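Notes follow once the structure below has been shown.
The values are calculated or read from the model by the stated rules, or taken from the named source; none is laboratory data. Note that the structure is a prediction, hence the values are computed from the model and not measured. Because the Cβ atoms are built from the backbone with ideal geometry, glycine has one as well, and the counts that use them run over all protein chains shown.
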Amino acid sequence: MEDLFSASVLIGLLASAIRLATPYLYAAIGETFGQRSGVLNLGVDGIMLMGAFASFYMVFLTGNLWLGLLMAILVGALMGLAMAFISVTLHAEQGISGIGVYLFGLGMSDLLFQKLINNVETVSGFPRAPIPLLSQIPVLGDIFFNQNVLVYGAYLLVPLAWFVLNKTTLGLKIRAVGENPEAADTLGVSVAKVRYFTVTLGGALSGVAGASLSIALLNVFQQNLTNGLGFIAIALVYFGGWRPFGVLAGSLIFSFVNALQVWVQVKGIPISPDIAVMMPYLLTIIVLVISAQRARQPRALSKPYERAG
C-alpha cells in the first residue's frame, strides 16, 4: 500500500488521470451543446465506437493520424446528423432513438471490425508532444505538459465551449432554444437549425472522443472498446450542471478513479479486481443521484418542438 503513495506513483497516477479525462471531455462537452439546445442524445457511446473504428481503420491503412482524426469527425458528424433528423424532424422520442443510435454504433463497429480487420492489431498513435519549457517544470511538467495533442485539445475545448455558450450570439440562441423554444421561435430563431447544429457538433466531438481512445490512448480497436464510457459522459453533463467547467470537474474525478483502479491492479494492492473495475460505474450512480437533486436541466430538454400553425 505504501507504494501507491510514493512520489513517482502519485505523479504517474495524476498524469494518467489527466490523460484519461480526454474522451470524457470531448464526449461530454459535445453532449452539453446538444442538451443545452433541448436534445438528449443517448447514442453517444455508439457514435464513439464508430469514431474509434473509423479513425483506427484509416490509420491502419494509411498510417496518417490526422486523416484518422478527420474520419472520426466525419463519421461522428454524420451519426449526429442522423440523430438530429430523427429527433428534430421526425419528432421521435429522444431516449428510444438515442438507444437505437447506440445499438447501431455498437453492432456496426463490431461488424466492420470483423469484416475488415478481424484481428487485434495496433497502430502508432499520437505521440506525446511536450510543451517547450513548461514540460521541464518539476512534477507539474510531467503531469500537465507532457501529453499528446488530443489531450491538450480536450482541455482547450472547455474554455472555448464556455465562451461560445455564454458570450456569443450563437450561445444565446442555443440556451434560448433549450429553455423556451416557443419564445425563441417568436424572436426569429430557427429552433430546428440550432438543434441540428448542436446535435451534429456533439456527434463530431463524440467521434473525436472515440478517436482519442483508438489512436491516442490505447492505439488499438476491439469489440465494445468504449465499455460504456459514452453513458458516463452523459452522466457528467448532469453532474456538471450543463456547464463546461462543471463537466471538466466531473471528468477529472472520473478519470482519477479510473486511473486509480488501474494502478491498484498494477501495484498488486490486495483489493478484488472486480471491485476495482466497478469503481467508476459505482461513482456514476452516485453522481446521478446527487446531480438529480441539485441541478436544474434545460426546460425543453428531450421535448420535441413542433411549430404551431
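Just a few scattered comments:
- Residue list for the range 24-60, filter: without any contact (Cβ under 8 Å) to a residue 24 or more places away in the chain and outside any helix (DSSP H, G or I): none
- The set of residues in the range 104-143 that are assigned to a loop (DSSP other than H, G, I, E, B) and β-branched (Val, Ile, Thr) comprises ILE117, VAL120, VAL123, ILE131, ILE137, VAL139.
- The single residue among VAL287, VAL257, VAL208, VAL262 that is closer than 26 Å to SER124 by Cβ and at pLDDT below 90 turns out to be VAL262.
- Within the range 147-156, not a single residue is crowded, with 16+ Cβ neighbours inside 10 Å, in contact with a Lys or Arg (Cβ under 7 Å, 6 or more places away or on another chain) and either among the basic types (Lys, Arg) or at pLDDT below 95 (or both).
- Answer from VAL44, VAL9 - the residue that is surrounded by 19 or more Cβ atoms within 10 Å (Cβ to Cβ) and either modelled with pLDDT of 95 or more or among the β-branched types (Val, Ile, Thr) (or both): VAL44
- Screening the candidates LEU134, LEU165 for the property of being surrounded by fewer than 18 Cβ atoms within 10 Å (Cβ to Cβ) and either more than 30 Å from GLN223 (Cα to Cα) or aliphatic (A, V, I, L, M) (or both) yields one hit, LEU134.
- Some residue of the range 122-131 being of a type in the set (S, T, N, Q), surrounded by 16 or more Cβ atoms within 10 Å (Cβ to Cβ) and under 26 Å from ALA77 (Cβ atoms): no
- Pairs with Cβ under 7 Å, 6+ apart, first in the range 178-201 and within 22 Å of MET48 (Cα to Cα), second modelled with pLDDT of 95 or more and surrounded by fewer than 17 Cβ atoms within 10 Å (Cβ to Cβ): THR200/LEU81
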